[in-house]
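Every number here is computed from the coordinates shown, using simple stated rules; none is lab data. The structure presented is a predicted model; accordingly, all values stated were derived computationally and were not measured. Positions of Cβ are backbone-derived with ideal geometry, glycine not excepted, and every protein chain shown enters the neighbour counts.
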Amino acid sequence: MTSAIAVAVLVAGGIYLVLQRDLLRVILGFVLLGHAANLVLLAAGGTDRRQPPFISADGDPSGIADPLPQAFVLTAIVIAFAITVYLITLAGAPAKDDGSDDDATDGDRNAVGMPADAASRADPTEGAGESADDDPRGPDVADTGRGGAGAP
């Protein structure tokens with residue numbers, strides 16, 4: 001009966017913490033739920049109703065506690081620890097963001113072949129409606145696009 005109350009308290013506290021907005025509380029909620037699951041497995045194993053795993057002189061192993069729930073609990077502890085470490089790592093990941101909105105490393109601007117500085121200064125309406133005759137450098141330069149007169 002005592003283990004059932006302890007499991008109920010751990011599950012209630014774990015669910016309450018998982019539903020919170022703070023990430024650390026969510027992690028603690030998962031830890032409490034893991035402890036509740038371990039307690040359920042130990043209570044289901046019947047270790048309180050059986051004897052320690054020592055075979056008596058008569059050789060009857062029926063009264064010995066089953067080691068399988070204890071192995072499950074040991075495995076569950078390792079899994080809960082791994083999940084906790086993973087969640088703490090996820091909680092610390094946003095802290096590495098420096099908070100700047102530096103878009104120079106975006107990659108979208110470099111995908112079109114423009115340097116990052118030229119892309120930020122480029123005017124999309126700059127070349128609309130212009131012809132080669134409007135170029136102050138002359139028609140030869142405007143036609144080639146290479147900057148030299150008479151270049152092929």
Margin query: At 7 Å along Cα-to-Cβ for each site, give me the label-to-label distance between LEU68 and TYR86 in nm.
Written below: 2.6 nm
Note to self: How far apart, in nanometres, would the label points at THR75 and TYR16 be if each is projected 7 angstrom from Cα along the Cα-to-Cβ direction?
What the structure shows: 3.3 nm
